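Novice: One structure, pasted below without further comment.
The values are calculated or read from the model by the stated rules, or taken from the named source; none is laboratory data. The structure displayed is predicted, hence computed values, not measured ones. Glycine also receives a Cβ, built like all others from the backbone with ideal geometry; neighbour counts cover every protein chain displayed.
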Amino acid sequence: MAADPITFLVLGTGRMAHRHAAALAKIRAAPERVDGEPVPVILGVYGRTPARLREMFEEHGADFTSDHLEGSIARYDVDVVDNCLVNRLHHGPLMQAVAAGKHVFTDKPLGATLAESEDLCAAVLASGARHGIVQNMRFQGGPQAAKAILASGELGRVFHARVVFGYYVPARVTNRPPWFFKHEEAAGGVVHDMMAHFYDLLEWLIGPAASTHCLTFDGIAEREDPASGPFRSEVEESCSVNLRFQNGAIGQVFSSWVRRRHEDVPTISIDCEDGGLLITANRCWVQRGGGPLFFYDPAAEQGDPMDGWTPVPTTPRDPFEVQLRAFVRCAATGADYSPDWTEAVRTHRWVEAAYESAASGREVSIDGA
Ligand SMILES: NC(=O)c1ccc[n+]([C@@H]2O[C@H](COP(=O)([O-])OP(=O)(O)OC[C@H]3O[C@@H](n4cnc5c(N)ncnc54)[C@H](O)[C@@H]3O)[C@@H](O)[C@H]2O)c1
């Protein structure tokens with residue numbers, strides 16, 4: 001006998017909506033089981049453009065599509081609203097879902113502003129519904145393997161961590177949605193977008209942060225939206241963020257949309273007293289003990305920096321499937337989900353602290369950190 005179905009309504013027909021719908025289609029094909037019983041998943045999609053809705057219907061076999069948000073929540077007896085709209089359309093639709101008593105899952109950031117995130121979190125805690133936030137990087141093979149090694153304690157005290165993220169977005173914005181450069185829809189630049197991932201990821205790996213410092217760089221002022229023409233970029237496009245952790249470690253994150261080279265997202269190195277880690281999305285290397293000692297000789301070839309580093313077995317996975325599968329289970333059983341909206345609010349407070357630091361030039365902490 002199958003358990004009661006869980007009906008999802010994915011909001012949006014863009015990049016992330018496709019990611020979420022594809023993950024839900026995989027879960028529908030191989031259902032999550034609770035007490036041995038499969039939990040059927042029903043997939044609905046809300047969007048404003050019929051052609052885009054048709055694409056979602058055909059590519060992911062959506063069970064229903066709708067261009068009317070309130071109407072579809074009621075008509076299809078939706079259990080979970082999953083928001084993949086632009087940042088400025090997180091608060092309104094999620095508040096509607098919470099008011100209708102639905103479970104809520106959303107891509108990051110929770111709200112466009114900290115006030116919106118706090119408002120959403122307070123509302124969902126009062127409602128008693130399950131709530132989840134996408135933190136896909138936590139659930140990829142590389143970070144999962146690194147977390148297990150760090151948690152075992154075998155590498156000893158963490159000294160520092162360094163994250164490098166970036167790629168080049170030309171003036172004519174063709175390799176990411178142009179709205180990310182517009183304040184009205186994005187509500188912030190690369191700090192808002194990428195530190196919503198990296199504050200979370202670094203606290204999850206290393207422990208609670210104590211303070212942060214941030215420098216920003218504006219990037220390319222005159223940009224072009226292929227659909228609507230020239231516009232002025234209204235957001236910071238690069239940042240250099242420092243963190244101090246409560247356990248004494250320090251961290252640095254460099255993020256940029258105008259960086260010429262790119263790495264895997266994320267790429268992190270962590271240095272510890274008894275070894276180190278190099279982490280990419282689906283790979284992880286560990287250095288245990290010392291490794292070959294480096295001697296600087298300006299006249300000599302300097303050797304392979306990966307000497308002494310061993311690959312750690314990892315399991316490549318679709319992090320959206322992992323997160324949504326766990327959310328199906330929580331919606332079916334009533335169990336708590338993590339990462340939840342209280343964690344999203346904490347990350348958003350750090351993002352605000354980064355902006356405050358960029359404005360004041362000072363290192364900033366958050367209340368209760
Ligand atoms: N987890 C990640 O790695 C990751 C990566 C990229 C984006 N995101 C987040 O996912 C969300 C969506 O980003 P995306 O890259 O998919 O953007 P996108 O531009 O591809 O999709 C945005 C969606 O919002 C819809 N939309 C915009 N204005 C609308 C309106 N007025 N009414 C109804 N629908 C409207 C668009 O039609 C589209 O379906 C954002 O919050 C973003 O921060 C997360």
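Novice: For the range 17-135, list the strands (runs of 3 or more DSSP E) that sit wholly inside it and hold at least 3 residues that are in contact with a strand residue (DSSP E or B) (Cβ under 8 Å, 6 or more places away or on another chain) and either within 14 Å of the ligand (Cβ to nearest atom) or closer than 25 Å to W341 by Cα (or both); which are they?
Specialist: 41-46, 80-83, 103-106, 131-133
Novice: Please pick out the residue among I73, I27 that is at pLDDT below 95 and in contact with a helix residue (DSSP H, G or I) (Cβ under 7 Å, 6 or more places away or on another chain).
Specialist: That would be I73, the only listed residue that is at pLDDT below 95 and in contact with a helix residue (DSSP H, G or I) (Cβ under 7 Å, 6 or more places away or on another chain).
Novice: Is there a residue being touching a residue at least 60 places away in the same chain (Cβ under 8 Å), buried (at least 16 other Cβ atoms within 10 Å of the Cβ), over 22 Å from L201 (Cβ atoms) and not hydroxyl-bearing (S, T, Y) anywhere in the range 139-160?
Specialist: No, that holds for no residue.
Novice: Then there's this: From the list F217, F181, exactly one residue is at pLDDT 95 or above, within 16 Å of the ligand (Cβ to nearest atom) and under 20 Å from V258 (Cβ atoms). Which is it?
Specialist: After applying the criteria, what remains is F181.
Novice: Could I ask something else about it? Does R223 fit the bill of being without any contact (Cβ under 8 Å) to a residue 60 or more places away in the chain, buried (at least 19 other Cβ atoms within 10 Å of the Cβ), not polar (S, T, N, Q) and not assigned by TED's automatic domain parsing to the domain that holds T106?
Specialist: So R223 passes the test.
Novice: Quick one: would you say N282 is of a type in the set (S, T, N, Q), surrounded by 12 or more Cβ atoms within 10 Å (Cβ to Cβ) and assigned to a strand (DSSP E or B)?
Specialist: Answer is no for this residue.
Novice: Now for a different question. Say we look at the range 136-161 and pick out the residues that are under 21 Å from D264 (Cβ atoms) and in a strand (DSSP E or B); which of these is farthest from the chain's Cα centre (by Cα)?
Specialist: Checking each candidate, the answer is H160.
Novice: Any idea how many residues of the range 24-50 are within 22 Å of P319 (Cβ to Cβ), surrounded by 24 or more Cβ atoms within 10 Å (Cβ to Cβ) and among the small types (G, A, S)?
Specialist: 0
Novice: Exactly one condition in (1) within 11 Å of the ligand (Cβ to nearest atom); (2) assigned to a strand (DSSP E or B) is false for T212; which is it?
Specialist: (1)
Novice: For the range 178-188, how many residues meet the condition of being surrounded by fewer than 19 Cβ atoms within 10 Å (Cβ to Cβ) and in contact with a strand residue (DSSP E or B) (Cβ under 9 Å, 6 or more places away or on another chain)?
Specialist: Number satisfying all stated conditions: 1.
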